[in-house]
Structure formats: C-alpha cells, structure tokens
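Structure record follows, encoded as structure tokens.
The values are calculated or read from the model by the stated rules, or taken from the named source; none is laboratory data. This is a predicted model, so every value here is computed, not measured. Every residue, glycine as well, gets a Cβ built from its backbone with ideal geometry; the counts of neighbours run over all protein chains shown. We work out accessible area using only protein heavy atoms, side chains counted, and drop any ligands, DNA or RNA first. Shrake-Rupley method; radii C 1.70, N 1.55, O 1.52, S 1.80 Å.
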Amino acid sequence: QNLSTVMATNLVWSDTGIQSPTREMLEQIQTSQEATTFLVQHYEEIFVPEDPFAMAPLSDVANPKAVFHTKLVAKHRSITSVCFGGSEEGKRIWTADEKGVIHIWDASNFSIVKMLDVSSRVNTLTSSGDSVWVGTIENIQIHKAADGELIKKITKPGYNFTHAGSNILSCVYSNNEGQITCLDKESHNVVKQVKVDTRIVSIVATHDQVWASCQDKTIRVWDLETFEPIAEFDSIHEDKINHLCFVPKEGDLSEVWSSSEDCSVHVWNAKTRALEERLLGFHKRAVIGACCMKNQVWTYTWDAKVYIWDRETRDYLGSLCSYHIQPISSIISDWKEGQESDQWLAVSVSYDHSAVVWKCRA
C-alpha cells in the first residue's frame, strides 16, 4: 500500500512543477496507484517466471549468463566479505561487515539463520568443510558453518584467506613488511610463516605456487609445498594491484588475473608467469577483483559495475546491472571445479550494506 501510494504520486507529480493538483492529475494518480497495487499483488506471476533467464531486460546481454535473483538486506554496515558454507542440503551464505556483524543466511529461502557479532571489522571469510573461517583485524575465528557456533579462536589477525592444498593462507602487513601465515585446515596450527620486505596486498594459490601482489606493484611467487621463493617480477600495472584470481585451465594454460587501481586486468600464465594479455579500455574505474566460475570470469569495479569474460578465450561477453549503488567489495560463487550442473549461484556484496544473489548459467 505504501509503495503504490508513493510510487504512483511521484510518477504523475515529478515532472509537472505544479503546486496544486488538477482533477485530471488526481485521476491519473488513482489509476497509477491501482496499477502499482496490481503489480505488487501479482509479483510472483509477473516477475518470477519458471525460466529466470527469460528476463533478458535485466542484462544488456542478448543471451544473459546471469540474472538477478534476490537482494539480501539486513542490519549491516558496509559489507566487506562473503562466502558460502555448509553442505548442499544445508547450504549457507555468510555476509560480514566493517563493524564485525555477520549474518548467516539459508541459501534455499534466503532467511536469516543467525546473526553474530565478532566485535571487530571482518576482513575476509572462507569455508573449509563444515566450518567457516572469519578473519578480523584482531584474530582468526573458526565457526560451524550451519549455525555459527564458535569452534576456535586464533590470536592472529586474518586477511585475504586463500586455500592452498591442506592449508589456508592469510597475509598481513605492518609498516613496510609483509607476512604470509600458513595454517593447517584440520589442526588449525601455524605450519609456516614467510616474511617479505614490502607490504602484501593480496595472495592466491595455484596448483603448485603461491602468488602475492605487493604494494610496490611487484608480484612474488613461492613454491606451494616448500615456500621457497621462485620469482619476483614487475606487474607492469601503473597503480597498485587490488586482487589476484586463479583461473584453472587444462595443462599448462592456467592463469592468474591481476586487478588494479589503474582500471586494467593483466592475465598471466600461472606456470611460466608470462604476460598473456592486458584487458585495457573496458573498465572505467578501479578494478576491485575477479571471480572465476564455470566458463566465465567476472570482474568488478569501484563504480559498482560487473563485467563478464569468457574463461577460455577471454572474450568480453558484456556487463550486468549490479543493483548496487556503492563499490562492490567481493563476488563469490558456489560453482566447484568439475561440477556437472550448468547452473549455479553467485553473490556480490557492497559497501551499500547489501548483497545481491545471481542465478548463473554456462
């Protein structure tokens, strides 16, 4: 009722500039209110078809790869991280914000299962088995994915979680020094620590290497098992690198995509570290990160835009209306390597305090 009253009045009144309504305007407002009420009452029939991909107007791509599914809004401040957790039968979506508030959502009906307050800014989230790891500026917390019950707290700050075989990596920096901490997924013990003489901005693990982007715009690489240094090279970016994304491919064709403040993405061969391609001229603002899913790679930017790329050819497939009004901080998907299904979910979170759930297809 509120929506119909406000929307109908604004539709008729907004462009008139008239102080007092005419009889004709009042009749138009009444008609618009009735039409809006009808749309609200028949929402499911009109806006939720059996085939969501038939709603092509939600994308500027003729054959859309993703369509808007729902928007999650709760008592959040700027959302800093998101992850899927739990089993397929009890799948959860975890969203966390700058004040330490975490919401656990049921991924089947998008209801809130539980709200947690970890008391300090959440920098990163990741799932491991039936648990979710929460990295804050004060510590690392491990919770049960289904209900948020605390399992363990590690007195080390957590940033940029990435999976590396049987371990989870976290990176921190202080002054002009960076450090990567390697933690065992099962015992939660620190396995190894590696220090570098510059700040580490982001890390990612490939099949056999660990890559780190640094404040000085270099990329450093270590052996995944031994953490012996392999390489250090110039990223050729004109500004800092915000994110590294591993894009698996067959044989020696796997890639690492580096997203930068300079509005570009560089594509590197994950084995040889050769620069394969520079994606220039597409992004209008700083590129915050990238996410690989099925046959696509999504990049997202400071102006809340989402760009879709073909995973194999790197062809630009088009952009999405993100339904965010502030920068996107992260995008994740529940697609897993080797998954046979051609449909999956993706979630984008933003500093506008909201999360958007997407239905995606190959």
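Contact order, relative form, for the chain: 12 percent (alpha carbon pairs under 8 Å, 6 or more residues apart, mean separation divided by residue count). Our estimate of slack between LEU253 and ILE112, defined as 0.36 nm per intervening residue step minus the Cα-Cα distance, is 46.7 nm. Rg and Dmax of the range 122-161, both derived from C-alpha coordinates alone, stand at 9.1, 24 Å.
For the peptides 316-328, 212-224, what is the packing order when you average, over each peptide's residues, the other Cβ atoms within 10 Å and list the highest mean first? It would help to have the intermediate numbers written out before the result.
Numbers: 316-328: 18.1, 212-224: 19.7.
Top of the packing list down: 212-224, 316-328.
Remark on MET293: its backbone amide H falls under 5 Å from those of TRP298, a criterion applied only to residues 5 or more positions apart or on other chains, H modelled at 1.01 Å from N. The mean of 1/r over all pairs of different alpha-carbon atoms in the range 239-362, once inverted, gives a Kirkwood hydrodynamic radius of 14.6 Å.
How big is the C-alpha Rg of the range 205-308 next to the rule-of-thumb value 2.2 N^0.38 Å, as a ratio? Working shown, then result.
On the way: Rg = 13.2 Å, N = 104, 2.2 N^0.38 = 12.8 Å.
Computed over Cα atoms of the range 205-308, the ratio equals 1.02.
Between ARG273 and ASN176, the FRET efficiency from the beta-carbon distance, with R0 = 25 Å, is close to 0.55.
Considering only protein heavy atoms and a probe of 1.4 Å, how much of the accessible area of the range 222-318 is carbon and sulfur, as a whole percent?
On the way: 1940 of 4160 Å².
Using a 1.4 Å probe with all protein chains present, the range 222-318 comes out at 47 percent carbon and sulfur.
The Rg/Rh ratio for the range 87-207, using Cα coordinates for both the radius of gyration and the Kirkwood hydrodynamic radius, is 0.98. Per the Debye calculation on the range 66-361 with a single equal scatterer at every Cα and no solvent contribution, log₁₀ I(q)/I(0) for q = 0.11 Å⁻¹ amounts to -0.61. When +1 charges are put on Lys and Arg Cβ atoms and -1 charges on Asp and Glu Cβ atoms, the dipole computed for the range 274-339 relative to its Cα centre reaches about 200 debye.
Taking every Cα-Cα distance in the range 170-230 and sorting them into 5 Å bins from zero, the calculated P(r) comes out as 4, 18, 30, 26, 15, 5, 1 percent. In order along the range 246-260, phi translates into HN-Hα couplings of 8, 10, x, 9, 6, x, 9, 9, 4, 10, 10, 9, 9, 9, 10 Hz, rounded to whole numbers, per the Karplus curve 6.51 cos²θ - 1.76 cosθ + 1.60 with θ = phi - 60° and x for Gly and Pro.
For the chain, find the longest principal axis of its Cα atoms and tell me its angle to the long axis of helix 23-41, 0 to 90°, nearest 10. Rounded to the nearest ten degrees, it is 50. Spin-label model, GLU27 to LYS71: label points 7 Å out along the Cα-to-beta-carbon direction sit 3.5 nm apart.
Normalising by the residue count of the range 190-272, find the relative contact order in percent from Cα pairs under 8 Å and 6+ residues apart.
Relative contact order for the range 190-272 comes out at 21 percent.
Close amide H partners of THR80, meaning residues 5 or more places away or on another chain with modelled amide H under 5 Å apart, are ALA96, ASP97, GLU98. Couplings for the range 90-99, taken from phi via the Karplus curve 6.51 cos²θ - 1.76 cosθ + 1.60 with θ = phi - 60°, read x, 5, 10, 10, 9, 10, 9, 10, 5, 9 Hz in order; Gly and Pro are left as x. Taking 0.36 nm per residue of sequence separation and removing the Cα-Cα distance, the GLU340/THR226 pair yields an extension gain of 37.7 nm.
Between 0 and 90 degrees, the angle of helix 2-13 with respect to the longest Cα principal axis of the chain falls at about 70 degrees. The residues of the range 66-361 have, on average, 42 Å² of accessible surface per residue, using a 1.4 Å probe with all protein chains present.
Helix-only arithmetic for the chain: the sum of -39500 (n - 2.57) across DSSP H runs with n ≥ 4, divided by the residue total, places the mean residue ellipticity at 222 nm at -3000 deg cm²/dmol.
Per-residue extension of 0.36 nm, minus the Cα-Cα distance of GLU88 and PHE38, leaves a gain of 14.3 nm for this segment. Just checking the listed ones, ARG273, ARG23, ARG92: in the Gaussian network model of the chain with Cα springs under 10 Å, the one fluctuating most is ARG23.
Amide hydrogen proximity for LEU224: with H placed 1.01 Å from N in the peptide plane, the residues at 5 or more positions away or on another chain lying under 5 Å are GLN209, VAL210.
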